1. With the cut-off at 1.5 for a/c, could you classify the range B:248-364 from its C-alpha gyration tensor as rounded, prolate or oblate?
2. Quick check for me: using +1 on Lys/Arg Cβ and -1 on Asp/Glu Cβ, what's the dipole size of the range A:4-106 about its Cα centre, in debye to the nearest 20?
3. Can you tell me the mean projection area, over all orientations, of the convex hull of chain A's alpha carbons? Units nm², please.
4. List the lysines whose alpha-carbon lies under 17 Å from that of A:Lys192, not counting same-chain residues fewer than 8 positions away?
5. Provide A:Glu62, B:Glu166, A:Glu181 in ascending order of the number of other Cβ atoms located within 10 Å of each residue's Cβ, fewest first.
6. Where the only charges are on Cβ atoms (+1 Lys, Arg; -1 Asp, Glu), what is the dipole of chain B about its Cα centre, to the nearest 20 debye?
7. Using the Karplus curve 6.51 cos²θ - 1.76 cosθ + 1.60 with θ = phi - 60°, work out ³J(HN,Hα) for each residue of the range B:203-219 in order, rounded to whole Hz, and write x for Gly and Pro.
8. What fraction of the DSSP beta bridges in the protein assembly as shown is antiparallel, stated in percent and rounded to the nearest 5?
Amino acid sequence: MESVSQQIKSDPRYPEACQSCMNCGVCTAICPAAGYYSYDPRMIMNLVTEGDNAMLTEIMSEDVIWYCGQCMSCKPRCPRGNIPGVVIQILRMVSQRNGLFVRSAMGREQLAVKRSIGHNILETGYCIHPTRVNPAMHPEQGPVWAWMSDNADEVYGRFDSNYNREGPGNMRKINRKSLDELDRIFEVTGCKKLWDTIESESEKRIDGRFTKYD
Amino acid sequence: MINTSRFTRHVSRKSGMIHYWRDYQKEIAEDEFFYVRSCIRQNFFPGAENLFIDILRNKLGKKVFEDADHTTCTGIGYHSDIVPIETTMTVIARQFALMKERGYRNLVISCVTSFGLYSEILDLWKHDPALKTKIEGYLSEATGRSFDEPANMVHASDILYKFRYEIAEQAVNRLVNNETGLPLRVVDHIGCHYAKTFPERGIGGSEFPQVLTGLIKAWGGETVDYPERRHCCGFGFRQYILQSSRGYSISHSRTKLESMMPYEPDLIVANCPGCAMFLDRWQYTLEETDGSVYGPGRTKIPVVTHEELAGLVLGYDPWEIGLQTHQVPVEGLLDKIGIRYDPEKKYADRQGKLIGDTVAVTAIV
């Protein structure tokens, strides 16, 4: 099996995302996540460039790789054209494929993301759907969202008579053939395999077979 | 490839700016658009996309095709790391295939996250043609379809920018305070993935984006410059999706709101559906949390999308285009511009019947 460093470098995004970091730290200076968490994308770029498998395994088992908010503010400011935000995406993917994500609290939350956003995509054809943003789970959305969600047929129907029906339109029902094609794409391109790994590794964790540094 | 001429040529500051500006022009097709919708915009601003299509078709006389078969691009799943890049590429290749099958070549994208992703994918294929061949194989195996890359690919706000003066000629309302005659003070918020990922694909790049500034100035308003103008709204994908890290999201919106507050903006306009939603909703949450409000005279700052701004300028009824789906009330803004509206119709259906029970609607107000 390839080492984690090799897996990182064989990602198709790696050549554009990590070309020649000189560790200037501009990414950390502009990074919104660095202002919120104890987070330093420069350190991440340094470790990835060095390629030390033990160190990479360690950070991919920690919360730190899950701090990035994916805004990509780092991209235009990097004097070498690197994209630390994409390097983070690669680390997160390798962490999941190797079962390392279950060793950190934030990593384990990928199961919830897979079961919400992931299932939304294959079941509705949308990442989010009015029937799946529960006002009780989203008090920050306020009373207008509660009104929209509770009266979705009438509110969405006011703006598009095709709401939740097949054919074009706002929040139309995505037809079965399109959903089947989406499902097949997820199968052929390996997303289903990734989801199986997220489910099975999360179950191992629940069974208590992992400790943080086993 | 770095444009070295910018560094070697001796230029004055002004001519340097002109040179820089030339680097960030983009080609925007004239007509014949294939339109792909946004998950977030359809959910939270259900009137906005139909308004955009109506403006293009009925105000500007353009041909727009909307395909019932297109799906999400998977963008939120991709940036929250549960969808591999190969999967996202193949889903987007399927949208390209639908466009090809319908005979269109000019793609218009509603969502800023999607726009950034489509741009990323075309860039990856340009650098690695074998990757494109691999995705062609995946798409063929999964769906039997084949695709061409778009001849022209833009964000929906780019189209309004291109035709901003044509819209101004048809304007019923201007972004001017009805009482004082002064231009409205407008915050432009550009979604990060519009230009930060690929500055050359955004009008004005990522440092000096002009796409919304152009609309605001052409329609009579003035833009507000403030320290955190380019700061992210704070969506953060998984940071917002998961309750445990939602504080990340609200803290960044607060950073922006606190920074713009001293300039007393009349409204915020955003081209990204997520940004518009968060800057709207977090104002509600912040007030509920500690009483903070950020607009002049202890009011909240109305937030509109680029389509909604165009709709108001063109004289559409605020409730027909969906401004009642915003948490921050827009009536103060409508009064400033001098737009008439019927309060009775705000929460009513097309027949004028109140949607939902009176108690719930009263709770909103």
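1. Taking the square roots of the gyration eigenvalues as a ≥ b ≥ c, the range B:248-364 is prolate.
2. Around 300 debye, computed over the range A:4-106.
3. Averaging across all directions leaves 14.6 nm² for the Cα convex hull.
4. Result set, ordered by chain and number: A:Lys114.
5. Taking fewest neighbouring Cβ atoms as first place, the list is B:Glu166, A:Glu62, A:Glu181.
6. 720 debye
7. Values, residue by residue: 5, x, x, 8, 8, 10, x, 10, 4, 8, 4, x, 5, 4, 5, 5, 9 Hz.
8. Rounded to the nearest five, the antiparallel share is 10 percent.
Any read-out appearing in this document is the output of simple, stated calculations on the displayed coordinates, not a laboratory observation. Predicted, not measured: the structure shown is a model, and the values here were computed from it. Methodologically, a virtual Cβ is constructed for each residue, glycine included, from the backbone with ideal geometry; neighbour enumeration extends over all protein chains shown.
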